[in-house]
Structures are given as structure tokens and as C-alpha cells.
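*Asks:* Okay, handing you the structure first.
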Amino acid sequence: MKQDRREFLKKSCGALSMAALATQMGHFGLMSAVAAQNLEKKSDDLVPSDYRALVCVFLQGGNDGNNMIIPNHTTGSTNNYNNYATARGAQGLALSGSSTSLIPLTGTSILVPRIGNLEYALHPALGIQTPATNIVNNGIHELWALGKLAAVTNVGTLVAPMTRATYLNNSVPKPFQLFSHSDQVSQYQGGRSDTQSFTGWAGRISDLRTALDNPGGLVPMVTSISGAQLFTSGQSTLPLAIADSNTSLANVLAPAGFGLPNPTGTNLARLNAFNSLRTQDLSANFVAAASHITDVAMAANAALQSAVTVSTAFPNTSIGRQLKQVALMIKKRTDLSINRQVFYVQLGSFDTHTNQVATQNNLLVQLSQAMRAFYDEMVAQSLEDKVTQFTMADFSRTLNPAGTGSGVVGTDHAWGNHMLVVGGGITAADFYGNNGANGTPFPQLSFNTADDADNGSNARGRWVPATSVEQYAATLARWFGVPDANLSTAFPKIGNFAVTNLGFMQPPAP
Amino acid sequence: MKIKMSRVLLRILTLILALGVCSFAGFGQDDPDPNSPTPILLSAQDSTRALASSADGITKRPLGKILPQAFKPDSTIALYVTNVSLMKGEGANAFRIYVEDVKGHSYRYPVLDLQPVAGFQGVYAVIVRLTDDIGFWEPPTADGDVLVRLTWRGLTSNRVRLGLGQIGGGIKDDPGSVPTPLGTATLTNKKGRISSPNYVGYKWSGDRTRFLEQATFGPTPDLDNRIRRIGLKAWLAEQFQAPYPSANNPFPNNPLKPGTPPADCDNEQTITPDVPVTCFRDTYSMYQPQTWFFREAFYGDAQLRHRVAWALAQIWVTSGVDIQQGRHMVEYDKILANNAFGNYRTLMKQMTLDPTMGDYLSMALSTKNNPNENYAREIMQLFTVGLFMLNQDGTLQLDASNNPIPTYDQTTVNNMTKVLTGWTLCNNGCPNSVSGTPNFIDPMVLVTNNHDLTAKTLLNYPGSTTSTIAACSNCTNSTNIATYANASMDKALDNIFYHPNVGPFVSRNLIQKLVTSDPTPAYVGRVAAVFNDNGFGVRGDLQAVIKAILLDPEARGDVKSDPNYGKLREPVLFATNILRAFGVRSADGLSQSDGYMTGRSEFTGMAQTPFMSPTVFNFYPPDYNVPGTALNGPEFAIMNTGTAITRTNFVNRFVFTAIPIPVSSPNAPNGTSLDFTDLQDLSTADPTGNLLLDELDRRMLHNTMSATMRSTILPVVTSVAASNPLSRVRQAIYLVATSSQYQVQR
């Protein structure tokens, strides 16, 4: 285990970016100034001529994929609406097209070319809503028909390809601490499942690409609108973390009381001292770390001063304000002298052990409204092909409900889950990912059978993923511009999987 | 006003002492010297090259005859340390060896053994394997010297050169470093000596300030005086008995919130205005517990209990994010506070039956036909044993292939879940039951029909005595079911409580909350031993555990020099430490603060609102690593560019203005401000600004302000006319309080 980590680190070290190293030199002493000068850019690494961004929308707590994408047909024997209704109906968890009987959904159907053009449905919350506060658009369901929404199904944490059989007979290593929130979040964000990560996959992409893609960039490659996350941490680069659009970009990192941007007199003297103190006592590592974070903030603040606006209406929800802030940052991309960015936003409370029906509906409405507004704004900025939103979550939830009855019924922690990808950069509206035991990428909705990791009469339906997080993420990273040769630096265990491109994204920029 | 005057006088007295005009012994009881000696790594006679030999060479060659040599990576070698004073049982795991290479990368080499060197009193061989056990960086290339540091009890040795692969190379010695050959470094005092004698004022004032940072919500001049008189141990004994909460700040006694609050108390002011307008806030919201919490932190006498309860609230997490009503936090917090100096097993039982926890982690809805795993999983993962088997010093046990060993698996979770089925909120028939209103006051009660009666297997570990529960054989009536269910719960809680992980897991977590983020295994081990047995055969005695944490030599001492020592002040403690240091009071200065912090953006923007953790994983997880390093630093999980600036804005708010009594919103009836009059007096007394900085250095940085830091701040102070002492004081406090040097509690 340790050896693998070393090997990975060895590879990534060779590729540390110049800007990244320079940023941290003062604080963590990563290299000498002489060494930094020697790190020259290779001639074949051209600064990109276009802009691209990835926007990670993390569904904290573990969104129940089984109620987000539902087979809406009666074809086949293991994977249709009746199987779904049988598994969840008695406890009141099955979504239905009728309030009186369990029948397929209406209004959010999608046709899936990959599975014989059969009809599936999205959770109704992703479709058109009754007008109300914070209902500002028609939601993301519409984007399927426009070819701007794709789903990657039964994705999950894996060390290597795995089946129900190899899971149950322990012949393939299992992800570290399955079903535990914190560990599964770390594996999605860390981009590996065999061990604890010190860094996240966006952070490692930033380590690799900052100097090459964003020379002269005034802010880090990675920005979080929801605190510092493992996803955003590199070995040698730090993310920007800022508040949502309730605070303007000009104020989001502005220290109060100095009379910025033009301090004078004692304010100026104090500001200079405030900056100078952060260059002192750096031999204490916690002091150095705190000073370094503040340095990044102060540098970014100067770059964020000129105001921008967006033209699209965003819902005034947490996720709406986060994505609006991302849209504002993207609008400033030229000022910030930046060509490649990764953003992180999140929506919480998906850990629906209880009261799932109302909770998930409420959350998915927020999600759909915010993601659609963001997509529309990218269209307005003529960037819809250049910016891709994608979801991640801790895990999916048990097909078998926990508890029963309205207001009570929920689900427990499970595994393989469905992810949504939104943007003009997708290949086509379809299901993607490896085929599972039933010959399709969609799991078999029954207990103690082909895709269930649980065994025996109490099996609850926890899908063994057919596709790994790394395969999903690597497909996105490749579109973003990470060369194939560097994928193993960003995803140390990608070599365990034959396919590194699931095909849902168009080719990288030439 | 009287109190203020006497504080000023006292401070002047202190200053006189510091200037050496006169000196006399401190009155009252003296604690023993809290300082450990500073370890010294031995070097060659005339250079800073480490005295080092292969590990099997310790006895082969006299120490004085060891020749400089290079060592291969992964080989096992002996370094030699002196000027340490070991306690009984203190050995290899009290020491850490850090190495820095020419690239500036840092590595940690495992210390395998510690052996006294025959014939050289006070010299120990530190047996080290030259293999990085962190793995953040690729291993150093074996092509020249690295610098080696030894740390012990939060103190660092000098750094010496070690040839890796070959001798020589570009890494530079630390400025001012000198050879430390055998014989020049000896322990000056067997009991240890003052390693930082340049204290200001009374002996060990640095240690007292540090102690108060660890044990309270922030030092105050009054508390410092009290401890100087009675000593740490007597103060602890006093704290263990102190009434809680303060007489003038009783626990909030809000009624439970009905499903639908009455129209005149539902926070809806347009159709039916609330009477009074603050009815909802005062009756049902989180405002009451949150402002109560801060008032107790600002002014309470039972500081230690409040602090430990706050630490426990960050382990046994529930959150108002899910259920925003004040009352549901009150009974929960009482359980934490009542058991802060009690027994962990009692805390486990009361928390398991606590309706707030039962609701938050879904146990209240878990039945035999519809079990819910949430609480069963988290009580093990987060509250007691953790995910992996631990050694008694908190380090991971590893299997033959060097992988950590899971403490339990999904089957254990399923079985624990079964044991905990059937309990639910007591909405009928309990003293506080109100029909149609969730009862967050009385403990949960058993609904016998909902309890699982089948056999269960529990945690299995060496020495476990109750690892199974048989199926119920006589559960034909509810009395028998209740007997079986209650006995099963106790068996399961015992099964968890006696797991050998609990001692090191809980001890390390509490050390992190109170003292330092990355304690040595030896420190964890000493505290865990007390958890396992308080000296009277009792396991889980938290009073003994807290005492062991706070009086440990790794916690104590005037100054800690280990570069990895300390912790980032979490926002709540950052705020209360600043406010307590400068006489927190109402906005007009005439009464106490109302404790209103959590509605203010400069507080919430720091990302830690009490009783509002975003998830059960607390505001930050205990295993979080500081970005860009492999250093464990939980609080850094909420330290980012955004929160870093908000921290400075919090300081700006209180140093330059206050939380005013607002005209439109009634949430700050008293407001909150700081009192700088004593510092203004100092500023007036000394136009050079030095006395002011001396006082801030002592009060905020326990005398560790570097000369550079002082020379950075002083010109800003003197750029303000001496006739404006308030402005001078504000410049100085702003700069100290926003500095990373202050934000890290060391």
C-alpha cells in the first residue's frame, strides 16, 4: 500500500508546476529558488487557446440514485418499473405517476439509446415545477432532449473491477471502509479507493496543469464555493475557497478596516505590517500553513475587485448562490488571466435515513433549478460547450427502504450510484459506464441477485459498481485537457481499469 | 471600576518585576517547574554532523570514537540524544525524528527503540529506521546530507547533519547552530530546568497562559492571578467541584416546539404578529442555547466543565441544522456537561437514550422490521472505537501486509442495529410529554413490539467477554421483552466500552480538542492508560483523563519549540480567547454581553456555529491533514481563503467597533464590546509603545513574540500620536490577534 503511494508521488513530483512551486516556496520550502529557475516549460506544452471548466456538484450525505433514475417501462424481467415498485412500494418510497396506484411516472421520461431506446424517468423534481419562490426555469430534464444531459450509471468506489461474486468471496480488494460517509467521500474526492489520500483529484490536476495552462493566472486553478475540500487540495497547490454570491466577488476576500483599495496613513502602515507578519515565524508549521492560506486570499482579493454581473436568474438557494458565484468567476476569467478552472459546490442533507420522500424531492428541485440556471448562463456567456457540470456523492442508498410510512421512510448507506453530467461538451444524451451483470449499465433492481453486494435473506440492495469513480473522473479530466500520459498521476489506480474513457465527453481541445 | 484599577496596578507591579527592579518569591502555592529540559542531539566534536552509528554498533565502539559515515536509505541506525529526563515507562514512542532534505521536503523516520548508553550517564541511543513513514513526498534521494531533528514533549532538539547515501551536500545548517559533542551537553537539573528563563513577570507565566488556553475559553488576568496563587492542581480540584452553569446563567428552559407553533409565536409577523415580537426567538429558536453558550464561555466560573462539554459536543455531534429548535439542544448539552467529569460508560448510555441523538441519528425510528443503521454505525465509528484497530498509544495496528485492520464490518453494524431497535421518543406518558409534540427532554423509551429478539453477534476483540447476545427465550410478554432489550443494550454498550480502542481513541480526540493536533503516541498512551484505569481500577473516568491530559509534560511548559506542536484555534475558541483577554462586556460598557455572536456574518463566516455542525462528522474531522503537508491539523478543515479573511474581519469588528445594540433587530439587546482602558493606561505611561507590546506579548502570546514581530508592530503603534492611546492599542491588538502566530495555539 505504502509503496503504491510512493510510486504515485514519485510520478507527480516530476510534474510539479512552476507557478505552484513558486507559490509555496516561502512557506513550505518546497524547493530552492535556483531549482525553480531550472524548471522550464517544454516547448510542446502550449498555453491553451480556449477556456474550459469542470464544475463538481457534490451531493453530500449520499443521494439515493435509485429514486433519481427509474426504469419507466415494463420490458424485461429484472429491471423495469414493476421491480422498482415491488422493492419500494409497500413502505411508501416508490415514486409513481399516480397518487392512488403505482404506475410509471409521467413528465420526466427519457429515452435511453444504450438500452434499446427504452423509457426511463428522472425524479419528477428534475422536471418542470409549479411556479413558486425559487422556481426560475424548467429544470434539467429538458436538457436530455437537447442532448446536453447524460447519466453515468452504477458508478462507485472500486480498487479494481469487481462483481458480486468477487465481492462475496473476497478475491478482489475492496474499497477502504465501504459504507462509511467520510471515507467514501474521501475516495470520490481523492480519486482512489485503496487507501487514504492526502490530496484530491482536482488538486492533483492543478499541480500538474497550473503552470502549463494558466501561466500568469491571478487565482488558483481550483475554486471551492463550499470550503476547502479534499477534492481541491493539491500536493503543491492550494485552492481558493470563497463564499457564495450573497457576497460580491469584490468583498468575498476583502479584509475590513484598512480602507482598501487605497489605504493611507496608519491603515497603510498596519496593512504592510499585517502582510509582513505572515513572512515570519514560518518554522512553526501550523503558523506557516495559516499564513500561506491568508497569502493566497490576499493575492486573489486584489484580482477580484472589478465587478461583473450575470444575466440569468438563479434560484436563491444555497446551491443556486454557489453556482451563481461560479458563473461570476467564469465571467471574470479574462481579468483573472486563467484558461482552465475546476470548481466545487455542494448540496447537503442527502443522508436520508428518514423522511426521504419530502427531503430528496426538495433537494433535487434545488439541484435541478440551480444546475439549469447555470447551464443557461453558460449559454448566455457562449460557454455551454466549454463548461461541464457533473455530480458526485458519498454513495447511493439501499434499494430496500429503512422504516415505513409517509414522513418516516428512508434508506441506509449503499454503494453504486448514478451521476449526472450537464453541458454541451457531452457526446449525447444517454447512459454511460460499463455493462454490469445484466448486460446493461443499469443495475438489476432486485435483492440478493446479480448486482447486490448484500447476500442472504436480509439483502437490502447495495449495488456493486460496474464503473469506478476513477473511470468517471478520468473521462472528465481528459476532456479538460489532462494528457493520457498524466492520467495515472491524477488517478493513481486508473491502471487497474482497462477503459479510461467512458465516451460521454467529446475529445479534448486540439 | 475598582476592579479595573486594581488590574492596572497589578500589571504595573508585574512590569516592575520584569524590569528587575525588585524580585521576591511568588506568594501562595508554587507548582513544580512545568518545563522539560530541551533535548540535544549529539554531534561530532568540531562540526554539526550527527553522532551516528549503525544500530548494532552501539556497543562496538566507544561513543567518542564514532567516525562520520553515510547511511543507506532504509537502514537502521543509532542517533544519540542527551539532556532528557525520562519518566517511568517513557521510551521510543515519546520521540519523533524529522528529516529535511535539500529540496525542503520533510520526512518522519520511525523511532524503533531507545536505549541508555552504557558508561555515558544521561545519553540515550535513539534507534531509527531511515524510512519515511508518512509518504507525502517521494523518499529523499540518497546523495548527500539531510538535517535531522528530534522532538520530545513538544520541544525540538538542535538539528544535526546526517549523510544519506553519501556525506556532504547543499543543505545549510540552521543559523547559529554549533557543534554539540559529547560532554558539552549534560542535564543541568535532574528534575528539569527552566528552558526559557526569559519569562516576563512571575515564574512560569507562559505555562499558566498556555494552561488557561487549554482548559478554559481563554485566559483572563483574574484567572491568571488565581492560578498563580493556588497552582494548577488546586485550580483543577476547584473546577471539578464548581457549580455549573453559573447562577446568573441557568440552562435555557424553553418549552418544546409543537409541530405547528402558535400563530402569535411562529416568527411570521405579517398576518398575526408575534407577541412579544421576539416570542419565537426566545421560545423555540436556537438563539437561546447559543447565546447561553457564549455567556457561559465569557463569564462562567466552571470554565473547565464548559470547555470539556464543548469538546464532547464535537465528538458526540448532533446538530440544529436538522431540527432547528432550541430546546432539543438543552437536554443533550446537559448530558455532556453532567458527564464531562463523570464516566464515559454513563455518557454512552445517556447519549444512546438521548432523544436529540435518537432523532439526529435515526435510532428513534429503528425497529425490528425496519432497522436503521445510522446510530449503530456512528456510535462505533465516531464516538468510541473508530474504524481501525489501535495500539494503546493510538497508533494503527497493521496486519502482515502492512494494512490497517478494520475494527468491525457491515455484519457488526447490522447486529448492533438489531440490539438498538425499538426505542423511540416518549411523546406520551413521560413527565414532559405533550401530545403531538416531539419530546426532546425525557430519555427515549422502549416500544417492546419493535425490539429485535433474534441472536446478535457484537464486536469481537481480544479479551471481549460479551461478544454475543442470545435470542430471547422467554419474550412472550412485554415485561420480559423489556428486560431482554434493556439487558441487551447494556451488554452491547459494555461490549463497545471495553473494546481496547476506546481509551486511545477518546484520549487522542480529547487531546486534539484541548492541547495539540498531533500528540506523540507516548502522550496518547499515558492518557489512555488513565482512561483504562484511573488508579483505582475504574475504566472511563473522564475527570482523571482530563487531569492527565492537562498536566502531562507534553502539555506543560512555558514554550513549545517543536515545529509541529499546537493547534489552530477553532473559530469559537479564537473568538472567546480574544474577547476574554480584553474584558468582554456590553456595547455601552455598563453590563455584560448578551452572548449574541451566531447571527453575525463575521462570526458565521468562520464556519463554526455552536450546535450547528453541518454533519455528524463535526465542523472538522479529527484526521484532517493540513493542505500541502502530511501534518494532522483538524481545525484546518475550516481554514481556507474565505474563512481566513473572515477571521481578520472578526478581529476588526471587535478591535475597532463592537456588536452594537441594533435599532431594528432585537437580537443583541446588550451588544458586545471590549474594554481597553488598562492598555490605554499602559500606552500613555510609555510613549515608546514597548510596555503595551510587553503586555500583549504576555497576555496573548505567552512571551513568545519574536524580536522581528515586535519590530514589525511597534512602528505602526508609534505612527499614531501618543495622545491617542486608544488608537495605538487598537493597531497593536489587531496585528497580534490577526497574526498566524496568535491564531495557532502553541
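The values are calculated or read from the model by the stated rules, or taken from the named source; none is laboratory data. Worth saying up front: this structure is predicted, and the values here are computed from it rather than measured. In this analysis, Cβ positions are derived from the backbone assuming ideal geometry, glycine residues included, and neighbour counts consider all displayed protein chains.
*Asks:* May I ask you to list the residues in segment A:255-289 that are within 7 Å of chain B (Cβ to nearest Cβ) and not in a helix (DSSP H, G or I)?
*Replies:* A:PRO255, A:ALA256, A:GLY257, A:ARG278, A:GLN280, A:ASP281, A:SER283, A:ALA284
*Asks:* Kindly list the number of the only condition in (1) crowded, with 24+ Cβ neighbours inside 10 Å; (2) under 18 Å from A:SER224 (Cβ atoms) that fails for B:VAL651.
*Replies:* It is condition (2) that B:VAL651 fails.
*Asks:* So, one more: Within segment B:163-172, can you find the residues that are surrounded by 15 or more Cβ atoms within 10 Å (Cβ to Cβ) and within 11 Å of B:ALA142 (Cα to Cα)?
*Replies:* B:GLY163, B:LEU164, B:GLY165, B:ILE167, B:GLY169
*Asks:* Let me ask something else. Determine whether B:ASN427 is surrounded by fewer than 21 Cβ atoms within 10 Å (Cβ to Cβ) and either at pLDDT below 95 or not in a strand (DSSP E or B) (or both).
*Replies:* So B:ASN427 fits the description; yes.
*Asks:* Select from segment A:207-223 the residues that are away from chain B (no Cβ under 14 Å) and either under 13 Å from the mean Cα position of the chain (by Cα) or part of a loop (DSSP other than H, G, I, E, B) (or both) and write down the one among them that is surrounded by the fewest Cβ atoms within 10 Å (Cβ to Cβ).
*Replies:* Among those that are away from chain B (no Cβ under 14 Å) and either under 13 Å from the mean Cα position of the chain (by Cα) or part of a loop (DSSP other than H, G, I, E, B) (or both), it is A:GLY216.
*Asks:* Okay, moving on. Out of (1) surrounded by fewer than 22 Cβ atoms within 10 Å (Cβ to Cβ); (2) out of contact with any helix residue (DSSP H, G or I) (no Cβ under 7 Å at 6 or more places or on another chain), what's the single condition that is false for B:PHE293?
*Replies:* If we test B:PHE293 against (1) surrounded by fewer than 22 Cβ atoms within 10 Å (Cβ to Cβ); (2) out of contact with any helix residue (DSSP H, G or I) (no Cβ under 7 Å at 6 or more places or on another chain), just (1) comes out false.
*Asks:* Across segment B:86-109, which residue is nearest to B:LEU41 (Cα to Cα) among those that are out of contact with any strand residue (DSSP E or B) (no Cβ under 6 Å at 6 or more places or on another chain) and surrounded by fewer than 18 Cβ atoms within 10 Å (Cβ to Cβ)?
*Replies:* Among those residues, the one meeting the criterion is B:LEU86.
*Asks:* Only residues in segment B:316-327 that are more than 12 Å from chain A (Cβ to nearest Cβ) count as the first member; pair them with residues that are of a type in the set (S, T, N, Q) and not in a loop (DSSP other than H, G, I, E, B), Cβ under 7 angstrom, at least 6 apart or cross-chain, and list the lot.
*Replies:* Within 7 Å, the pairs are B:THR318/B:THR356; B:GLY326/B:GLN288.
*Asks:* Residue by residue through segment A:158-190, note down the ones that are assigned to a helix (DSSP H, G or I) and over 18 Å from A:MET392 (Cβ atoms).
*Replies:* Answer for segment A:158-190, where residues must be assigned to a helix (DSSP H, G or I) and over 18 Å from A:MET392 (Cβ atoms): A:ARG164, A:ALA165, A:THR166, A:TYR167, A:LEU168.
*Asks:* Could you give me the residue pairs with C-beta distances under 6 Å whose first residue belongs to segment B:717-742 and is away from chain A (no Cβ under 11 Å) and without any contact (Cβ under 8 Å) to a residue 40 or more places away in the chain, whose second residue is surrounded by fewer than 22 Cβ atoms within 10 Å (Cβ to Cβ) and not acidic (Asp, Glu) wherever it lies, and which are 6+ apart or on separate chains?
*Replies:* That search, which allows pairs on different chains as well, returns B:ALA722/B:PRO687.
*Asks:* Being at the interface with chain B (Cβ under 8 Å from one of its Cβ atoms) and either among the β-branched types (Val, Ile, Thr) or not in a loop (DSSP other than H, G, I, E, B) (or both) is the filter here, so list the residues in segment A:224-236 that pass it.
*Replies:* Once the filter is applied, which keeps residues that are at the interface with chain B (Cβ under 8 Å from one of its Cβ atoms) and either among the β-branched types (Val, Ile, Thr) or not in a loop (DSSP other than H, G, I, E, B) (or both), segment A:224-236 yields only A:SER224.
*Asks:* Hey, can you tell me all the residues within segment B:440-465 that are part of a loop (DSSP other than H, G, I, E, B) and in contact with a helix residue (DSSP H, G or I) (Cβ under 6 Å, 6 or more places away or on another chain)?
*Replies:* Across segment B:440-465, the qualifying residues are B:PHE440, B:ILE441, B:MET444, B:HIS451, B:ASP452, B:LEU458, B:LEU459.
*Asks:* Could we say that B:GLU138 is of a type outside the set (Ser, Thr, Tyr) and over 30 Å from the mean Cα position of the chain (by Cα) here?
*Replies:* Taking the combined requirement at face value, the residue satisfies it.
*Asks:* I'd like the residue in segment A:290-321 that is under 30 Å from A:VAL365 (Cα atoms) and in contact with a Phe, Trp or Tyr (Cβ under 9 Å, 6 or more places away or on another chain) and, out of all such residues, is farthest from the other protein chains (Cβ to nearest Cβ).
*Replies:* Once the filter is applied, the top-ranked residue is A:THR312.
*Asks:* Tell me which residues, restricted to segment B:427-443, are in contact with a Cys (Cβ under 9 Å, 6 or more places away or on another chain) and under 13 Å from B:THR356 (Cα atoms).
*Replies:* Matches in segment B:427-443: B:ASN439, B:ILE441, B:ASP442, B:PRO443.
*Asks:* I would also like to ask the following. Does B:SER613 satisfy the condition of being more than 8 Å from every other protein chain (Cβ to nearest Cβ), out of contact with any Cys (no Cβ under 8 Å at 6 or more places or on another chain), surrounded by fewer than 23 Cβ atoms within 10 Å (Cβ to Cβ) and closer than 30 Å to A:SER186 by Cβ?
*Replies:* Yes: the conditions hold for B:SER613.
*Asks:* Oh, and also: Assess whether A:ASP351 counts as being touching a strand residue (DSSP E or B) at 6+ places or on another chain (Cβ under 9 Å), assigned to a loop (DSSP other than H, G, I, E, B) and in contact (Cβ under 8 Å) with a residue 40 or more places away in the chain.
*Replies:* Here the answer is yes, as A:ASP351 does meet what is asked.
*Asks:* Continuing with the same structure: Mind checking which helices (runs of 4 or more DSSP H) fall wholly inside segment B:338-403 and carry at least 2 residues that are surrounded by fewer than 20 Cβ atoms within 10 Å (Cβ to Cβ)?
*Replies:* Of the helices (runs of 4 or more DSSP H) lying wholly inside segment B:338-403, those with at least 2 residues that are surrounded by fewer than 20 Cβ atoms within 10 Å (Cβ to Cβ) span B:344-352.
*Asks:* So B:GLY135 passes all but one of these: (1) more than 14 Å from chain A (Cβ to nearest Cβ); (2) in a loop (DSSP other than H, G, I, E, B); (3) buried (at least 16 other Cβ atoms within 10 Å of the Cβ). Which condition number does it fail?
*Replies:* Of the numbered conditions (1) more than 14 Å from chain A (Cβ to nearest Cβ); (2) in a loop (DSSP other than H, G, I, E, B); (3) buried (at least 16 other Cβ atoms within 10 Å of the Cβ), the odd one out for B:GLY135 is (1).
*Asks:* Right, another one. Which residues, counting only those in segment B:304-334, are polar (S, T, N, Q) and either over 19 Å from B:ARG345 (Cα atoms) or touching a Leu at 6+ places or on another chain (Cβ under 6 Å) (or both)?
*Replies:* Within segment B:304-334, B:SER319, B:GLN324, B:GLN325 qualify.
*Asks:* Ok, one more. Quick check: anything in segment A:413-431 modelled with pLDDT under 95 and either surrounded by fewer than 24 Cβ atoms within 10 Å (Cβ to Cβ) or part of a strand (DSSP E or B) (or both)?
*Replies:* Within segment A:413-431, one or more residues are modelled with pLDDT under 95 and either surrounded by fewer than 24 Cβ atoms within 10 Å (Cβ to Cβ) or part of a strand (DSSP E or B) (or both).
*Asks:* Could I ask something else about it? From B:LEU112, B:LEU155, B:LEU130, B:LEU150, grab the single residue that is surrounded by fewer than 16 Cβ atoms within 10 Å (Cβ to Cβ), assigned by TED's automatic domain parsing to the domain that holds B:GLN45 and modelled with pLDDT of 90 or more.
*Replies:* Checking each option against the conditions leaves just B:LEU112.
*Asks:* Just to be sure, is A:ARG204 in contact with a Lys or Arg (Cβ under 7 Å, 6 or more places away or on another chain) and crowded, with 24+ Cβ neighbours inside 10 Å?
*Replies:* So A:ARG204 fails the test.
*Asks:* Hey, which of the helices (runs of 4 or more DSSP H) in segment B:659-746, taking only ones fully inside, have at least 1 residues that are over 32 Å from the mean Cα position of the chain (by Cα)?
*Replies:* Passing ranges, in order: B:677-685, B:690-701, B:707-718, B:725-738.
*Asks:* Would you confirm, using the coordinates I've provided, whether B:PHE251 is under 28 Å from B:PHE383 (Cβ atoms), at pLDDT 95 or above and surrounded by fewer than 19 Cβ atoms within 10 Å (Cβ to Cβ)?
*Replies:* Considered against the rule, which asks whether it is under 28 Å from B:PHE383 (Cβ atoms), at pLDDT 95 or above and surrounded by fewer than 19 Cβ atoms within 10 Å (Cβ to Cβ), B:PHE251 comes out as yes.
*Asks:* Kindly provide the set of residues from segment B:655-669 that are under 15 Å from B:SER727 (Cβ atoms) and in contact (Cβ under 8 Å) with a residue 60 or more places away in the chain, ordered by number.
*Replies:* B:VAL655, B:PHE656
*Asks:* If you check B:PRO252, B:PRO262, B:PRO273, which single one turns out to be in contact with a Lys or Arg (Cβ under 9 Å, 6 or more places away or on another chain), in the same structural domain as B:GLN303 (by TED's automatic domain parsing) and not polar (S, T, N, Q)?
*Replies:* It is B:PRO252.
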